Amino acid sequence: MTVYPRLTNLDKETVLMQTIVQSLARYHYSPSEVDDELSSGVFEAFLNDIDGGRLFFTQEEIDQLEVFRYEIDDQAKAGDFKFFVDVTSQWAATRERAQAWYTEILSQPLNLNDTESFVRLDDEDGWNADEEALQNYWRQYIERDLLNRIVNRQEQIRQDTTGLEMPSFEELEEEYRGKILENFNDWFERMGRTTRDQMISRYINSMTTAHDPHTSYFAPRDRENFDIRFRGRLEGIGATLTIEDDYTKVTMIVVGGPAWSGKELEEDDLIMAVRQEGDEEAVDVKGMVLDDVVGMIRGPKGTTVHLTIKKPEGEVQQISIVRDVVVLDERFARSLVIPADEEGQQIGYIWLPSFYADFQDENGRFSAIDVARELDKLKTAGVDGIILDLRNNGGGSLSDVIDMSGFFIPQGPIVQVEGRGGRTRKQDDSDESVQYDGPLVVMVNQSSASASEILAAAMQDYQRAVIVGSEQTFGKGTVQRFIDLDRALPGHADVKPLGSMKLTTQKFYRINGGSTQLRGVSSDIVLPDAYSYLESGEQRQANPLDWTEIDAADYEQDVFRISTRTMNELRRRSEQRLSNSDIFAQIDANARRIKRLRDRDSYPLEYDTYVAEDQARRQEAEQYDELFEAIVNAGVYNLEEDMASIEVDESRIARNEDFIDKVSRDVYIEESINIIKDLIELQD
């Protein structure tokens, strides 16, 4: 292990950096040497982080920074931030330069009849050669944005049925040129308000992710946000926010939360200012960092927050919302019953969005306990098979996934975990009882990761369930744990709190010996989806750990075993249905379209050409507008014992109706039901 100098400088940033470096060396599963190779990686990662869109630096300026490429490792060990200071100082200067450019460009009508094309750059491309090239890039960037806004507005007016008059091209050009200027000014103002602490966090994470993509630094507020997502509850107003064009925009209202009950805040509203109870002045949040806005809106139950909001049509309103405990019900397991045929066959459906666990509350929610409850209810209802839906489930509690996997098999290993130095141990289900012993389908997709992959892999290795979905899951085969940096560093109370680190400390393996790292879990039956042709998952992350293999564990089960012959016949029948399915043919065609659009990086800057391409793109997209509108799973219903809790108030009724509607239109669930029906027939 590399030996680092003792902490002598009481400066908080120095202490933080040295604690991070030492914690990585001490706790990481496979720590990278803090050497020139890591230094080069941090150099590129930090520059890409602050200028991934290639709007600020020139290649000439990047070349001047090259003197730091192999010095960052030495600076990190010493707690020195010279590279960080130079980069952020230059970034501030380049922002001033860019602001002068876009202000000048937008000060007069733009020529939108250029025959040239705009080629978009991203963090996989180089920088513009010099200032002249960068200024020209800004002009093209703005012209493409302006064209897009004008054409979109013209299309909206054409589709409007209230008789809106079409403004002239010159009027639209002037209007949206002004809006682009306003948006850029807000964006640059927000960047100017970015604190040094926030930039330090980004710089440190350029170093942590050089070890692997899931090792990261969490400032105290960031850790709080992570815990809220993990527990599934918070105190606030019940709204999901995002930054769009540097405005704080409401993207979702949590049904049943304070905002939903008040009926004044709606999706697509922009939050312009926030005032706390007892304060006279509201704080303008336009252009503010999202975390800061969220921190101002979130607060203790019973307190009031006053918001200035702007409606999509432009009306500005003042509203007040009393904060409350917001239970994120959409984050908890739920079940339904789906009639499978006219003969009375019924399939139980369990939706599990994450492997949540609330270790801070003895009465908190745990995913394994909740799923056990849903299984009991479905068994009592007499369902003929069960679908466990892990699509978009990014993982969570390792203990919960081990307990949950044990619901479907007798006592036995679920996953193997390897720590530093190759020390391996099995994680077993120690409960000999079997919660459910019938036909089982586990649904997955490219975003099913970590704990989801543990469960899917165990069910596949035991030949206990049919894994249905994307060609493979995400491929995250590593285990993380939080390190409290305050506890890792005795003393130094004057510089605390330092925050936390989420470190990769272990790697997990299937009981057959293979890792899910990079390769994920391959579905037994593959269903095409919108992202079938896009590269995704762990392999797209920066610095992922390698796929490796260890010895298999001893495992067997005799509860419900799907033979290779049966699995092959299930696959054949499903493939035959898909080959005759118009909707899955459309899904595949749409996936090819999405791939083509994702790969595109060149856009015409001539109005007529842009309009023609835009209309062609819209017409093509319209073919898929109603792809998932039809009811394919008729008669979906709740279990009787759930109705009392659902009918408590309007919010729960609304959430439940939305849940049933989505399941009713889901063609992937429809095919999973067909697979279970085939499985029942073949097993009989």
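The values are calculated or read from the model by the stated rules, or taken from the named source; none is laboratory data. The structure presented is a predicted model; accordingly, all values stated were derived computationally and were not measured. Glycine also receives a Cβ, built like all others from the backbone with ideal geometry; neighbour counts cover every protein chain displayed. The protein model used for the area step is the full one, side chains on, heavy atoms only, and it has no ligands, DNA or RNA in it. Shrake-Rupley method; radii C 1.70, N 1.55, O 1.52, S 1.80 Å.
The mean accessible area for residues of the chain, using a 1.4 Å probe and ignoring ligands and nucleic acids, is 46 Å² per residue.
Ranking Ile180, Ile646 from most to least accessible surface, computed with a 1.4 Å probe over the protein chains only, gives Ile646, Ile180. Between their Cα atoms, which of Lys310/Lys662; Lys179/Lys310; Lys263/Lys662 are more than 20 Å away from each other? From Lys310/Lys662; Lys179/Lys310; Lys263/Lys662, over 20 Å: Lys310/Lys662; Lys263/Lys662. Comparing Cα centroids, the range 312-370 and the range 80-111 end up 44 angstrom apart. For the range 326-427, the Cα gyration tensor yields ellipsoid semi-axes of 29, 18, 12 Å (square root of five times each eigenvalue, largest first, whole Å).
Computed 3J(HN,Hα) for the range 496-513, one whole-Hz value per residue from the Karplus formula 6.51 cos²θ - 1.76 cosθ + 1.60 where θ = phi - 60°, is 9, x, 9, x, 9, 10, 9, 10, 6, 10, 8, 10, 10, 10, 5, 6, 7, x, glycine and proline marked x.
Each of Lys12 and Asp608 was given a label point 7 Å from its Cα along the Cα-to-Cβ line. The distance between the two points is 6.1 nm. The simple Förster model, with R0 at 30 Å and r as the Cβ-Cβ distance, assigns Ile653 and Asp160 a FRET efficiency of 0.35. Count Lys and Arg as plus one, Asp and Glu as minus one, and take only other residues whose Cβ is under 11 Å from that of Phe560; the net charge is then 0. Test of understanding: extend the Cα→C-beta vector of Asp601 to 7 Å, then name every residue of the range 21-63 with backbone N under 13 Å from that spot. Residues passing the 13 Å test: 53-54. Protein-only accessible surface at a 1.4 angstrom probe places the residues Ile142, Ile680 in the order Ile680, Ile142, largest first. Note on the range 586-684: with neighbouring protein chains present and a 1.4 Å probe, carbon and sulfur make up 44 percent of its accessible heavy-atom surface. For the range 70-111, GluC sites (Glu not before Pro) meeting the loop criterion (DSSP other than H, G, I, E, B) and having at most 16 other Cβ atoms within 10 Å: Glu71. Taking amide hydrogens as placed 1.01 Å from N in the peptide plane, the amide H of Thr516 sits under 5 Å from those of Arg510, each at least 5 positions away in sequence or on another chain. The charge dipole of the range 357-511, taken about its Cα centre with unit charges on the Cβ of Lys, Arg, Asp and Glu (plus for the first two, minus for the last two), comes to roughly 620 debye.
Note: the chain, Cα convex hull, 185 Å³ per residue.
Length available on full extension from Glu175 to Ser522: 0.36 nm per residue minus the Cα-Cα distance, which gives 119.8 nm. Each of Phe482 and Glu189 was given a label point 7 Å from its Cα along the Cα-to-Cβ line. The distance between the two points is 3.5 nm. Each part reduced to its alpha carbon centroid, the range 637-684 and the range 195-221 end up 41 Å apart. For the range 332-382, which whole-number percentage of the solvent-accessible area (1.4 Å probe, protein heavy atoms only) is attributable to carbon and sulfur atoms? Answer for the range 332-382 is 45 percent, counting heavy atoms of protein chains only. For Lys77, the lysines whose Cα falls under 16 Å of its own Cα, not counting residues fewer than eight places away in the same chain, are Lys12. Here the 3J(HN,Hα) profile of the range 616-628, calculated from phi with Karplus coefficients 6.51, -1.76 and 1.60 at θ = phi - 60°, is 5, 5, 5, 4, 5, 5, 4, 4, 10, 4, 10, 4, 10 Hz, Gly and Pro shown as x.
Taking GluC sites (Glu not before Pro) across the range 120-149, the ones in a DSSP loop with at most 11 further Cβ atoms lying within 10 angstrom of their Cβ are Glu124. Rounded to the nearest percent, how much of the accessible area of the range 1-154 (1.4 Å probe, protein heavy atoms only) is carbon and sulfur? C and S atoms contribute 44 percent here. Here is the link list: Lys249/Lys496; Lys379/Lys507; Lys82/Lys502; Lys476/Lys595; Lys249/Lys301. Which ones come out longer than 31 Å on Cα distance? Pairs exceeding the cut-off: Lys249/Lys496; Lys379/Lys507. Per-residue accessible area for Tyr141 at 1.4 Å probe radius, Å² rounded to 10? Taking all protein chains as shown, Tyr141 has close to 70 Å².
The overall shape of the range 642-684 is oblate: from the C-alpha gyration tensor, with semi-axes ordered a ≥ b ≥ c, the ratio a/c is 1.5 or greater and a/b is no larger than b/c. Ordering His306, His28 by accessible surface, largest first, gives His306, His28; the 1.4 Å probe counts only protein heavy atoms, with every chain in place. In the assembled protein chains, Thr162 presents an accessible area of approximately 110 Å² (probe radius 1.4 Å).
Within the chain, the longest run free of exposed loop sites, counting trypsin sites (Lys or Arg not before Pro) that sit outside DSSP helix and strand states (H, G, I, E, B) and have at most 11 other Cβ atoms within 10 Å, spans 7-262. Determine, from the Cβ-Cβ distance of Gln539 and Asp36 and an R0 of 35 Å, the FRET efficiency 1/(1 + (r/R0)^6), rounded to the nearest 0.05. For Gln539 and Asp36, the calculated efficiency is 0.85. Applying a DSSP loop filter and a limit of 12 other Cβ atoms within 10 Å to the GluC sites (Glu not before Pro) in the range 272-344 leaves Glu280, Glu281, Glu313, Glu315, Glu342, Glu343.
Return the calculated 222 nm mean residue ellipticity for the chain, to the nearest 500 deg cm²/dmol, obtained by summing -39500 (n - 2.57) across DSSP H runs with n ≥ 4 and dividing by the residue count. That comes out to -13500 deg cm²/dmol. How high is the FRET efficiency between Asp684 and Gln411 when r is their beta carbon distance and R₀ equals 25 Å, given to the nearest 0.05? Efficiency, from the Cβ-Cβ distance: 0.35. Taken along the Cα-to-beta-carbon direction at a fixed 7 Å, the label points for His492 and Glu549 span 4.4 nm.
Between Ser450 and Gly475, Lys476, the built amide H atoms are under 5 Å apart, and every one of these is 5 or more places off in sequence or on another chain.
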